[in-house]
Amino acid sequence: MTRPFLKMNGLGNDFVVVEARERSFEPSPEEVRGIANRESGIGCDQLIAIEPSATPGVAAFVRFWNADGEEVGACGNGTRCIAWLLMEAAGCDAVAFETRSGRLSGVRAGDRRVTVDMGPPGLDWTQIPLSEEMDTRGIELQVGPIDAPLLHTPGAVSMGNPHVVFFLNEEPTTAMVRGSGSLIEHHPLFPEGVNVGFAQVLAPDRIRLRVWERGAGLTQACGTGACAALVACARRGLSERRATMVLDGGDLLIDWRESDDHVIMTGPVSIDFTGRLPDGVSA
């Protein structure tokens with residue numbers, strides 16, 4: 001029996017969502033890659049499964065896989081999509097669910113707009129994690145010649161997954177994001193790999209951002225990347241703690257609250273289509 005799926009996206013960052021609360025779903029890395037393949041499969045940046053939770057007051061346990069088949073702890077745009085789905089199913093305006101990276105919550109913020117609480121950022125070098133101790137406001141990493149690096153001293157932040165953010169004075173080009181992002185993703189400094197952000201501060205409350213996602217490459221938008229970039233810029237005094245992040249797929253509003261240190265993300269969700277997974281995929 002084949003399994004139905006829902007194709008969703010948040011600012012073009014797209015997902016195949018599978019309901020697994022009544023029937024378990026354990027895809028192999030090969031199956032994840034097959035589903036995510038845009039030529040021979042359904043095509044997506046991440047695969048998401050909604051599983052049951054035994055915790056009172058929590059709607060579900062949610063799992064995420066990148067397009068390369070690796071299971072990961074968090075996905076910001078995916079979190080918004082799942083929060084919206086769970087609220088729609090329950091007919092409510094607020095929801096909480098669990099992930100490998102901890103408990104997350106969401107509330108309605110308008111027509112197909114959701115605000116999610118992504119929790120506090122991880123700022124210690126062990127939380128990213130890095131392979132050696134460094135000040136994560138500006139780590140010892142550069143791209144290009146030693147005496148004239150093209151990129152250098154990025155900030156590092158964990159949002160349930162590892163991020164490194166370079167600060168630019170100009171628009172991040174596709175060549176820069178693809179070339180440097182693919183190079184840094186597997187750098188030895190990051191034992192779990194890393195998502196690579198390229199941020200240009202346009203104003204204290206507006207930041208242009210492009211992200212090379214670990215296991216997915218250059219995407220239209222990265223929710224945890226937007227959260228990490230805002231935190232990294234604010235820590236360096238380059239921006240305020242609340243800013244609009246301008247991504248290829250559209251805008252996200254990110255607020256790093258001083259009251260509790262939590263990072264709050266607001267943005268849209270969309271449903272693309274429904275379908276059924278190919279026969280034999282971990283049904």
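Let me make sure I get this right: for the chain, a, b and c are the square roots of the gyration tensor eigenvalues over alpha carbons, sorted descending. Under 1.5 in a/c it's rounded, otherwise prolate if a/b > b/c, else oblate. Which is it? It is prolate, given that a/c is not under 1.5 and a/b is the larger ratio.
Solvent-accessible surface of region 165-264, averaged per residue with a 1.4 angstrom probe and all protein chains in place: 39 square angstrom. For the pair residue 218 and residue 171, label points projected 7 Å from Cα toward Cβ lie 1.3 nm apart. What shape does region 186-283 have by the C-alpha gyration tensor, where a ≥ b ≥ c are the square roots of the eigenvalues, rounded means a/c under 1.5, and otherwise prolate means a/b greater than b/c and oblate the rest? Prolate is the answer for region 186-283, as a/c is 1.5 or above and a/b outweighs b/c.
Legend: helices of the chain (whole DSSP H runs) are marked when their alpha-carbon atoms reach 15 angstrom or more along the helix axis and their mean Kyte-Doolittle hydropathy is at least -0.5; marked are 76-90, 174-185, 223-235.
Distance from the alpha carbon centroid of region 28-101 to that of region 197-267 works out to 21 angstrom.
Among 217-227, 188-198, the peptide with the highest mean count of other Cβ atoms within 10 Å heads the list, and the full ranking is 217-227, 188-198.
For 271, 207, the ranking by accessible surface with the largest value first comes to 271, 207, using a 1.4 Å probe.
The simple spin-label model puts a point 7 Å past each Cα toward its Cβ; for residue 126 and residue 257 those points are separated by 2.7 nm. Protein heavy-atom surface of the chain, 1.4 angstrom probe: 48% of the accessible area is carbon and sulfur, with nucleic acids and ligands not counted.
For the chain, the relative contact order is 21 percent, taking Cα pairs closer than 8 Å that sit 6 or more residues apart in sequence and dividing their mean separation by the residue count. Classify region 36-121 as rounded, prolate or oblate, taking a ≥ b ≥ c as the square roots of the eigenvalues of its Cα gyration tensor: rounded when a/c is under 1.5, otherwise prolate if a/b is larger than b/c and oblate if not. It is prolate, given that a/c is not under 1.5 and a/b is the larger ratio. Taking the Cβ-Cβ separation of residue 142 and residue 55 as r and a Förster radius of 51 Å, what is the calculated FRET efficiency to the nearest 0.05? According to the calculation, E is roughly 0.70.
The length gained on full extension between residue 202 and residue 270, counted as 0.36 nm times the residue separation minus their Cα-Cα distance, comes to 21.7 nm. Between residue 192 and residue 107, residue separation times 0.36 nm minus the direct Cα-Cα distance comes to 27.5 nm. For labels at residue 150 and residue 238 in the simple 7 Å Cα→Cβ model, what's the distance in nm? Placing both labels 7 Å along Cα→Cβ, they lie 1.7 nm apart. If you take every residue apart from residue 83 with its C-beta less than 13 Å away from the C-beta of residue 83, what net charge results, scoring Lys and Arg +1 and Asp and Glu -1? Result for the local shell: +1. Only DSSP H runs of four or more residues enter the estimate; each adds -39500 (n - 2.57), and after division by the residues of the chain the mean residue ellipticity at 222 nm equals -5500 deg cm²/dmol. Sorting the segments 71-82, 6-17, 258-269 by their mean number of nearby beta carbons within 10 angstrom, highest to lowest, gives 71-82, 6-17, 258-269.
If the segment from residue 178 to residue 21 were pulled out straight at 0.36 nm per residue, it would be longer than the present Cα-Cα gap by 52.8 nm. So, R0 is 22 Å and r is the distance between the beta-carbons of residue 2 and residue 39; what FRET efficiency does that work out to, to 0.05? Step by step, r from the Cβ atoms, then E = 0.60.
The values are calculated or read from the model by the stated rules, or taken from the named source; none is laboratory data. Bear in mind the structure is a predicted one, so any value in this text is a computation, not a measurement. Every residue, glycine as well, gets a Cβ built from its backbone with ideal geometry; the counts of neighbours run over all protein chains shown. These accessible areas exclude ligands, DNA and RNA; they are computed on the full protein's heavy atoms, side chains included. Shrake-Rupley method; radii C 1.70, N 1.55, O 1.52, S 1.80 Å.
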